[in-house]
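The values are calculated or read from the model by the stated rules, or taken from the named source; none is laboratory data. What you are looking at is a predicted structure, and each value in this text was computed from that prediction instead of being measured. A quick note on method: Cβ atoms are made from the backbone with ideal geometry, for glycine too, and the neighbour counts reach across all protein chains shown. When the accessible area is computed, the model is the full protein with side chains, heavy atoms only, and any ligands, DNA or RNA have been set aside. Shrake-Rupley method; radii C 1.70, N 1.55, O 1.52, S 1.80 Å.
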Amino acid sequence: MKSSWKQQTFFWVWLLLCGSVAVSLSLQATALFGPGLSPDSVDYIKLAEDISDSGLGFLREAKAISQPPLYSVVLASVAVATGCDLLVAARVVSCVSLLVVVVLTMMAVKVLESPFSVVLFVGALASFSVPLLQISFMAWTETLFIGVICSTFAVLSYGRSSFLNSLALVTLVGLACLIRYAGIVLIPCVLSHLLLFAEGEKKRRRWLAACFLATSSTIFGLYVLRNYSVSGYFLGPRAPSSSGWMRNVYLVARVLKDWFDPNQALGLGVAAGASLVILAAWSLLCRLNIARELRRTGRHVLIHGIFIILYVLFILWTSAVVAYDHVDSRLLSPVYPSLLVLLAFLLQPRVLGGRARSTVVVCLLSLLMIPVFVHSVRDAFLKSSRGAGGYSTREWQDSELIGYLKESRGFGDSVLFSNDPGALYLLAGLNAKMSPAKFHYKSDERTGIGADNLFSSVPDFDGAVLVWFDNSQKGFLFGLRELEAMSSVHRMREFDDGAVYRIER
């Protein structure tokens, strides 16, 4: 009894410490200019401002189509409830979500009855996680999204088959879908769990699964139909992707390697070869024990494996079909907590054939992961002096061009264009249109704009003011030299980091 009490106390102390470390690193990285801001962040902040001013009236307008609105709704709610700025609200949401993710990941490891060494190791990997910390530094949806995913798995592990449990699952999956469309992957995950592991007879399990499928699909379907009714698109206008399946598979492998080798000590080929050898040796050593342990704890482990497979396949498929950001750490970050749970399962003494063997393996892996821990701490402190990322960096905050635009407050009745409208909106409070594009974003499909139809395709460009940032490289836009060949470009003001031009036919 006393030993059990000590174990419980140790676990909760370590859980609190791990969560505190992760949040502290996030706060450290965002201390200078607040959370990092990317063009996606601009869209989230704009929608959150709209919600703060007019509530959910945006649902009747062609807004929040390409990205679901729940993250912006949460930002607006926190800002209104606390009276804080939206950027402060984004920082709060990221830190709270990160804490939830770390805590629930360790709770999932606890369900496996893991020994001290495994709990210590997985807790450290969660605290100093490369992907989780990176997304928590930015005003992005992913941290909240992963928090909802982990909450869904916690309900499946700890909840009983009841009406309230089913309601919680439907709610969480619905929330996930309204944060990111990729949340739809949770529907088959939860469905398979209900069919395989729910309490009661097969008929009852099927009934629970059918009810869950109907209600969760309805929530997602209603929002998609809303999108179509206000815009004519189910998930927003999207061009064909410029990235194929094999390229995406390569990017997935590279991202996974970088999570556990952030200093690029190994090449991708060496890392892949070493991983295959280790997995082969591991499976040979544990082939019987894994099957036996899965029969005991499969309910808590298989859901994470199913999620990883379905989510990665979803990202591979969608990024090969439609154009959005290429596969990177941000897109794949939702699978990281599940990877930790699977790792904890493989490190169990019952899998490895004894506590001594498990402890030795954990110690060796801990030594190999030291560069990860050092990298995360160093990255957080570097960002605390340079800025968290995107527009929240010294490069943008100290921009001469931005300073001039703040003072000028616009250019009268002239329409404003820029190769980075987000920077103008966030840093100078000016609304601008995107400079004409020759390709659709992340796609090889041309927009159809050329020298013969530039001003008929973009009528406002004639007589407009173009703000051009030299440090914003967007290859899908026409460059300055291309615009000069298509129109008359007159330099009005020039700065170290860009210039202001007047455009005429």
Original post:
In degrees from 0 to 90, rounded to the nearest 10, what is the angle of the helix 336-346 Cα long axis to the longest principal axis of the chain?
Top reply: 20
Original post:
Given the protein chains as shown and a 1.4 Å probe, how many square angstrom of residue 369 are accessible, to the nearest 10?
Top reply: 20
Subject >> Contact order normalised by residue count of the chain, Cα under 8 Å, 6+ apart, percent >> reply: 18
Subject >> Pairwise centroid distance, computed over Cα atoms, of the stretch 1-80 with the stretch 406-451, Å >> reply: 29
Subject >> Dipole of the stretch 437-497, positive direction: furthest Cα of 451, 439, 465, with charges on the beta-carbon >> reply: 439
Subject >> Local net charge near residue 31, Cβ-Cβ under 10 Å (Lys/Arg +1, Asp/Glu -1) >> reply: +2
Original post:
Mind checking the angle between helix 268-321 and the chain's longest principal axis? C-alpha axes, 0 to 90 degrees, to the nearest 10.
Top reply: 10
Subject >> Angle in degrees between helix 370-386 and the longest Cα principal axis of the chain, rounded to the nearest 10 >> reply: 30
**OP:** Provide the gained length on full extension for the span residue 207 to residue 195, in nm with one decimal, where the gain is 0.36 nm per separating residue minus the Cα-Cα distance.
**Re:** 3.4 nm
Original post:
If 43, 413, 496 are ordered by their accessible area, calculated over protein heavy atoms with a 1.4 Å probe, which sequence runs from highest to lowest?
Top reply: 413, 496, 43
Subject >> Net +/- balance of residues flanking residue 191 in space, Cβ distance below 14 Å, scoring K and R +1, D and E -1 >> reply: +2
**OP:** Return the distance in nm (one decimal) between the two label points of a simple spin-label model at residue 325 and residue 473, each offset 7 Å from Cα along Cα→Cβ.
**Re:** 1.8
Subject >> Label-point separation in nm, residue 52 to residue 291, each point 7 Å along Cα→Cβ >> reply: 5.9
Subject >> Ranked by how many other beta carbons lie within 10 Å on average, peptides 121-132, 379-390 from highest >> reply: 121-132, 379-390
Original post:
What ranking of 340, 365 comes out by heavy-atom accessible area, probe 1.4 Å, highest first?
Top reply: 365, 340
Subject >> P(r) of the stretch 55-190 over all Cα-Cα pairs, binned every 10 Å from zero, in whole percent >> reply: 11, 35, 36, 15, 3, 0
**OP:** Would you compute, from DSSP H runs of 4+ residues alone, the mean residue ellipticity of the chain at 222 nm, taking -39500 (n - 2.57) per run and dividing by the full residue count, rounded to the nearest 500?
**Re:** -21000 deg cm²/dmol
Original post:
Along the Cα-to-Cβ line of residue 496, 7 Å from the Cα, sits a label point; which residues in the stretch 392-417 have backbone N less than 16 Å from it?
Top reply: 393-405
Subject >> Given 110/383; 6/257; 46/442; 63/442; 46/474, the pairs whose alpha carbons are separated by over 31 Å >> reply: 110/383; 6/257
**OP:** Ignoring everything but the protein chains, give the 1.4 Å probe accessible area of residue 476 in square angstrom, nearest 10.
**Re:** 40
Subject >> Charge-dipole axis of the chain as Lys and Arg at +1 and Asp and Glu at -1 on Cβ define it, positive-most pick from 66, 408, 120 >> reply: 120
Original post:
How much of residue 406 can a 1.4 Å solvent probe reach, expressed as accessible area in Å² and rounded to 10?
Top reply: 100
Subject >> Accessible surface, 1.4 Å probe, highest first, among residues 481, 160, 357 >> reply: 481, 160, 357
Original post:
How many nm separate the modelled label positions at residue 85 and residue 279, each set 7 Å beyond the Cα in the direction of the Cβ?
Top reply: 4.6
